[in-house]
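**Student:** Can you keep this structure in mind? I'll have questions shortly.
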């Protein structure tokens, strides 16, 4: 299924993408719970906007695995916004397929951070470990 979606993405065909989804499709983004939605119509609206905003959108399916009705895929999406700025996202999508259609998906796809923050700075920012000054108080 992820191969079909990637082909439709690279053809910039939102309608071809949307027909891969069940009418009652459920989408969740666990890192962004407010982005949850239901329905094929929203898929069509979302991807129509993607192709308008990133006219040279390209999706790469890095790897994927199928196990029964579940399919996992690592994705890389890239291109340029209409203002010329770089668009890049990557991550993992986990699909549940029912009757040949995507019934459910959990998306863990995030913008690529082009900053120069190294791993030590990221650990400090994300996890806030105590400093030696904190330990002395």
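Each reported figure results from applying straightforward, stated rules to the coordinates on display, with no laboratory input. All values reported here derive from a predicted model rather than from experimental measurement. Glycine gets a Cβ as well: all are built from the backbone with ideal geometry, and neighbour counts include every protein chain shown.
**Student:** Between residue 35 and residue 4, 0.36 nm times their residue separation minus their Cα-Cα distance comes to what?
**Tutor:** Gain in length upon complete extension: 8.8 nm.
**Student:** Follow-up. For residue 76, put the label point 7 Å out on the Cα→Cβ axis and report which residues of the range 101-130 keep their amide N under 18 Å from it.
**Tutor:** Answer for the range 101-130: 108-115.
**Student:** Let me make sure I get this right: for the range 36-103, a, b and c are the square roots of the gyration tensor eigenvalues over alpha carbons, sorted descending. Under 1.5 in a/c it's rounded, otherwise prolate if a/b > b/c, else oblate. Which is it?
**Tutor:** Note, shape of the range 36-103 comes out oblate.
**Student:** Next up: Could you check what % of the DSSP bridge pairs in the chain are antiparallel, to the nearest 5?
**Tutor:** 90
**Student:** Given R₀ = 25 Å, FRET efficiency for residue 88-residue 13 by Cβ-Cβ distance, to 0.05?
**Tutor:** Once the sixth-power term is evaluated, E becomes 0.70.
**Student:** With axes computed from alpha carbons, what is the tilt in degrees of helix 40-53 against the longest principal axis of the chain, rounded to the nearest 10 within 0 to 90?
**Tutor:** 70
**Student:** Within 10 Å, count the other beta carbons around each residue, average over each peptide in 75-87, 113-125, and list them highest first.
**Tutor:** Output ranking for 75-87, 113-125: 75-87, 113-125.
**Student:** Which of the following values of mean projected area of the Cα convex hull in nm² was calculated from the structure shown: (i) 8.6; (ii) 11.0; (iii) 7.2?
**Tutor:** (ii)
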